[in-house]
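Note sheet for the following structure.
The values are calculated or read from the model by the stated rules, or taken from the named source; none is laboratory data. Note that this is a predicted model, so its numbers are computed, not measured. All Cβ positions, glycine included, derive from the backbone under ideal geometry; neighbour counts span all protein chains shown.
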Amino acid sequence: MQFLSYLVNGISLGSIYAVIALGYTMVYGIARMLNFAHGDVIMVGGYIAYTVMTTMGMPALAGIGAAVLVCTLLGVTIERVAYKPLREAPSLAVLITAIGMSYLLQNLALLIFGSAPKSFSSVVSFQPLRLLGGQLIITGETLTTILVSAVIMVALTLFVNKTKVGHAMQAVSEDKGAAQLMGINVNATISLTFAIGSALAAVAGVLLCSAYPTLIPTTGAMPGIKAFVAAVFGGIGSIPGAMLGGVLLGIIQSLSTAYISSQMADAIVFGVLIVVLLVKPTGILGRQTREKV
Amino acid sequence: MGVMLSVKDLVVNYGAINAIKGISFDVNEGEIVTLIGANGAGKTTTLHAISRLLKPKQGDISFCGQPISQMEAHKIIGLGLTQVPEGRRVFSQLTVQQNLALGAYTRKDGADAVAADYEMVFERLPRLKERRRQIAGTLSGGEQQMLAIGRALMCKPKMMLLDEPSMGLSPLLVQEIFRIIHDVNKSGVTVLLVEQNAKMALEIANRAYVLETGTIVMSGDAHELANNDSVRKAYLGG
């Protein structure tokens, strides 16, 4: 029974990683860049929700809405201001800009909200679920996280695979020049990708802070890195890969913490990544790009 | 027969390389005009400059009287000017049908009109119909070329730029692709064809321009050029 409970916790944590990893992988797929500031957008989402809910005393739904709105605008603005001018620059320059943006966001949060941890009040208000005669207890946060993440993943998959705009995104991801020849506005598509990724980061931030209620300016850093690992693990650029990678990573982390060592859990997570990449360099669902003549 | 595409004193730099050194040419409505030349002569660069995938350094390009050299790349197709790029560049992870749908991405005339055009494309390129649900990356080279042409037809173009459509195809398929280009032109689409296969290109074209290291060195009636001694020596194997 213990095992089941660790597993459910792992799936829940992994779902958050998956939602964050979707942002990494979509941005990578479309803009061919690693947006290392993505993790910090999660933190911004947390602070916005905290401000609206705790400081202003408004309901949880308003907090979530505000977090999504602000993060979406933030993501699009970051792309316009910091990354777009570097579209033709070497990828190293873009990477360093992204790292700089990450520290900028953390330090802005430090300046505005201070270094003292804020205690985030959960957006979930329902009682824990008791299953199997009370032996397996699933908290409201765990259940909500899994459900919300599942809905997001299904919705995003349908959007990308079944809609005209989704197909346009896939086209831009594969070949920007050919996409432009079809009349697809590449800049608008990149903006849309950042908007979706950042909105997801806001949701992930609220879920994360509900489950782990201590909010500090570096709250997003570690989950951001883990989600990046999840995206690479599943195959960077692949949407199902990010989902699978995120959930697997959460499970591995949860089970390692429970059965091996809580201090070693992160080392094991990264160790698994190294092994997977040695065996399959493109990640679990990553595709080798082939050209046909 | 008015001038449809007009290129004047076009200069394009590729990094530090001066790829196009001031060329001028016209394509009239209804024509097939071919731009022939060796590898590296600047043929693809010229087409990319027209489609705005590359920014020209100097010169004017106008399509149906409208200047387009400052336009954004994704707006060009809205004027009815489409390109079938070198190497097909179909979207390999999408199906044939989805590729065709992206060809109609900018159309605003409704789903029925687009659906009718799928049938028009399938009628002209029956092989695509059999494979409409297949992932484009799994098609053969010839089928991918047909898909690239079908995709370009889906925008209801006035003019089609074709970049090396015969590249890498077997002689039989080359024949078929050129027959398709001829058909496309007969249906009212003006064609600017870039080819290394000068023999085939000169056979179906009305007029031709010969491009050598970024400069037009010869131009005229396609049949006359095909019989010109220096063209024969340089491009038709003697």
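Observations on the model:
- With respect to (1) of a type in the set (Val, Ile, Thr); (2) closer than 28 Å to residue A:52 by Cα; (3) crowded, with 17+ Cβ neighbours inside 10 Å, the lone exception for residue A:151 is condition (3).
- The C-beta contact set for the stretch B:127-142 (first residue within 14 Å of chain A (Cβ to nearest Cβ) and farther than 18 Å from residue A:174 by Cβ, second residue of a type in the set (Val, Ile, Thr) and buried (at least 16 other Cβ atoms within 10 Å of the Cβ), distance under 6 angstrom, 6+ apart or interchain) comprises B:133/B:95.
- Search result, residues across the stretch B:138-152 that are within 21 Å of the chain's Cα centre (by Cα) and surrounded by fewer than 20 Cβ atoms within 10 Å (Cβ to Cβ): B:140, B:141, B:142
- Candidates A:242, A:202, filtered to the one that is surrounded by 21 or more Cβ atoms within 10 Å (Cβ to Cβ), aliphatic (A, V, I, L, M), under 11 Å from the mean Cα position of the chain (by Cα) and modelled with pLDDT under 95: A:242
- Test: residue in the stretch B:15-30 that is more than 14 Å from chain A (Cβ to nearest Cβ), hydroxyl-bearing (Ser, Thr, Tyr) and in contact (Cβ under 8 Å) with a residue 24 or more places away in the chain: yes
- Helices (runs of 4 or more DSSP H) contained entirely in the stretch A:25-142, each with at least 2 residues that are over 19 Å from the mean Cα position of the chain (by Cα) and surrounded by 13 or more Cβ atoms within 10 Å (Cβ to Cβ): A:60-78, A:91-113
- Residue count for the stretch A:159-188 satisfying the condition of being at the interface with another protein chain (Cβ under 8 Å from one of its Cβ atoms) and not small (Gly, Ala, Ser): 11.
- From the options A:39, A:65, A:10, residue that is closer than 27 Å to residue A:138 by Cα and without any contact (Cβ under 8 Å) to a residue 60 or more places away in the chain: A:65
Let's see how each residue does on (1) more than 14 Å from every other protein chain (Cβ to nearest Cβ); (2) aliphatic (A, V, I, L, M):
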site: A:220; (1), (2): yes, no
site: A:223; (1), (2): yes, no
site: A:233; (1), (2): yes, no
site: A:239; (1), (2): no, yes
site: A:243; (1), (2): yes, yes
site: A:247; (1), (2): yes, yes
site: A:265; (1), (2): yes, yes
site: A:271; (1), (2): yes, no
site: A:274; (1), (2): yes, yes
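- Count of the stretch B:72-103 residues which are in contact with a Cys (Cβ under 9 Å, 6 or more places away or on another chain) and more than 9 Å from every other protein chain (Cβ to nearest Cβ): 3
- Residues being surrounded by fewer than 17 Cβ atoms within 10 Å (Cβ to Cβ) and touching a strand residue (DSSP E or B) at 6+ places or on another chain (Cβ under 8 Å) are entirely absent from the stretch B:107-124.
Every residue, every condition in (1) more than 20 Å from residue B:212 (Cβ to Cβ); (2) out of contact with any Leu (no Cβ under 8 Å at 6 or more places or on another chain), yes or no:
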site	(1), (2)
B:10	no, yes
B:22	no, no
B:30	yes, yes
B:33	no, no
B:37	no, no
B:52	yes, yes
B:57	no, yes
B:65	yes, yes
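- Some residue of the stretch B:48-60 being buried (at least 19 other Cβ atoms within 10 Å of the Cβ), under 16 Å from residue B:27 (Cα atoms), hydrophobic (A, V, I, L, M, F, W, C) and more than 10 Å from every other protein chain (Cβ to nearest Cβ): yes
- Count of residues meeting criterion [in a helix (DSSP H, G or I) and either free of Cβ contacts under 8 Å to residues at least 24 places away in the same chain or more than 11 Å from the chain's Cα centre (by Cα) (or both)] in the stretch B:153-190: 16
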